[in-house]
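*Asks:* One structure follows; several queries about it will come next.
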Amino acid sequence: QVQLVESGGGLAQAGGSLRLSCAASRSIFSTYVMGWYRRPPGKQRELVASITSTGITNYAGSVKGRFTISRDFAKNTVYLQMSSLKPEDTAVYYCAARMPLLEVAYWGQGTQVTISS
């Protein structure tokens with residue numbers, strides 16, 4: 001089992017920045033693909049960014065150039081640096097871990113991000 005605990009959400013103004021953190025209960029980054037998902041109000045959950053065990057990153061088109069996913073092996077923590085925030089970035093953000101080519105195996109509890117205009 002793996003526990004994922006997110007932190008860093010909150011309220012920010014449009015144009016501002018926030019950094020989300022996701023601490024894993026054990027070392028998994030060399031095996032799992034780590035991802036950040038979000039669920040905007042009234043919408044389905046969507047993939048925001050992911051990073052593979054070899055460091056290959058992938059971003060949704062709506063956040064490319066504004067968000068950066070990274071990880072710290074020593075701290076078992078993955079980050080999502082969010083800049084140039086927009087009101088449409090308002091959502092509950094979830095950290096997730098999956099094996100390559102498989103469905104998500106572990107989810108965090110989610111952290112609310114609210115962007116005011």
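The values are calculated or read from the model by the stated rules, or taken from the named source; none is laboratory data. The structure displayed is predicted, hence computed values, not measured ones. Note that each Cβ is placed from the backbone with ideal geometry, even for glycine, and that neighbours are counted across all protein chains shown. Surface areas here come from the heavy atoms of the whole protein model, side chains and all, with no ligands, DNA or RNA. Shrake-Rupley method; radii C 1.70, N 1.55, O 1.52, S 1.80 Å.
*Asks:* Give the distance, in whole Å, between the Cα centre of segment 1-41 and the Cα centre of segment 57-117.
*Replies:* The two parts, judged by their Cα centres, are 5 Å apart.
*Asks:* Can I ask one more? Ordered by residue, what ³J(HN,Hα) values in Hz, to whole numbers, does segment 22-37 give under the Karplus form 6.51 cos²θ - 1.76 cosθ + 1.60, where θ = phi - 60° and Gly and Pro are x?
*Replies:* 9, 9, 8, 6, 8, 6, 9, 5, 7, 10, 9, 7, 9, x, 10, 10
*Asks:* Per residue of segment 67-77, in order, report the coupling 6.51 cos²θ - 1.76 cosθ + 1.60 (Karplus, θ = phi - 60°) as ³J(HN,Hα) in whole Hz, putting x for Gly and Pro.
*Replies:* 10, 9, 9, 8, 8, 10, 4, 5, 9, 6, 10
*Asks:* Restricting to Cα pairs below 8 Å that are 6+ residues apart, what does the relative contact order work out to for the chain? Please round to a whole percent.
*Replies:* Reported as a whole number, the value is 36 percent.
*Asks:* Pull out the extension gain between residue 58 and residue 117, defined as 0.36 nm times the separation in residues minus the alpha carbon to alpha carbon distance; nm, one decimal.
*Replies:* 18.5 nm
*Asks:* Let me ask something additional. Can you list the chymotrypsin sites (Phe, Trp or Tyr not before Pro) in segment 11-117 that are in a DSSP coil and have 14 or fewer other beta carbons within 10 angstrom?
*Replies:* Values: sites: 29, 32, 36, 37, 59, 67, 73, 79, 93, 94, 106, 107; in loops: 29, 32, 73.
Loop-located and lightly packed - 73.
*Asks:* Determine the order of 19, 26, 66, 71 by accessible area, beginning with the largest, at a probe radius of 1.4 Å. Spell out each step's value before the answer.
*Replies:* Working: 19 125, 26 100, 66 35, 71 55 Å².
Accessible-area ranking of 19, 26, 66, 71, largest first: 19, 26, 71, 66.
*Asks:* Rg to Rh ratio, the chain, alpha-carbon atoms and Kirkwood radius?
*Replies:* 0.95
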